[in-house]
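Engineer: Dropping a structure here in structure tokens format, bear with me for questions.
Just so it is clear, none of the values below were taken in a lab; they were calculated from the coordinates. Treat the numbers as computed from the prediction; the structure is a model and nothing was measured.
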Amino acid sequence: MKSKYRLYSMILSAVVFLLVSCKDENAVIGQQAPEIAAFDLQGNKVTLATWKNQNLLLTFWSESCGVCIAELKELEKTAQAYPDKLQLVAINVDGEKADTQAVVEKHRLTMPVIKDQIKITAERYWLNGTPTSFVIDKQGKILDKFEGLIPQEALMKLVNQG
């Protein structure tokens, strides 16, 4: 009985420790954005500091999600039309074995595309599905989250705030 209690106590302590120590690694609107753990398509590590002092639209996508590809094309047009107002970054969550470069070339995507190879970033951002997007301001604070397509009026509001 005593050893069961001790084991239970150790497990509970470990869970509490993990919850407290990982607190800063979760995406919460109004808080600092968690660091991304991803690589560009050339294999270089990418961090949020890459886009320091820019309003950022971080959008998670998967190559098997047709809606994601269509949205990326529309988001790209908007970002190109307002280059000083919004930086679009697409994070692919298909894992390290997916040929993301081929998908990017096939659909002629020109925005920065990075790979969340082992899905650490997706976990930090509590990703439930794709597409999911986060608006991050110039100071690195999360302003908004969109699960599913971003409504056009919300996208234009982002551009006008930039």
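Engineer: Measure out, as a whole number of angstrom, how far apart the alpha-carbon centroids of the stretch 32-90 and the stretch 125-146 sit.
Structural biologist: 10 Å
Engineer: Let me ask something else. Given just the C-alpha atoms of the stretch 88-162, how large is their convex hull per residue in cubic angstrom?
Structural biologist: 108 Å³
Engineer: What relative contact order, as a whole-number percentage, does the stretch 75-144 give when Cα pairs under 8 Å and 6 or more residues apart are counted?
Structural biologist: Computed value for the stretch 75-144: 26 percent relative contact order.
Engineer: Rounded, prolate or oblate: which fits the stretch 29-119 when a ≥ b ≥ c are the square roots of the eigenvalues of the alpha-carbon gyration tensor, with rounded for a/c under 1.5 and prolate only if a/b beats b/c?
Structural biologist: Verdict is oblate for the stretch 29-119.
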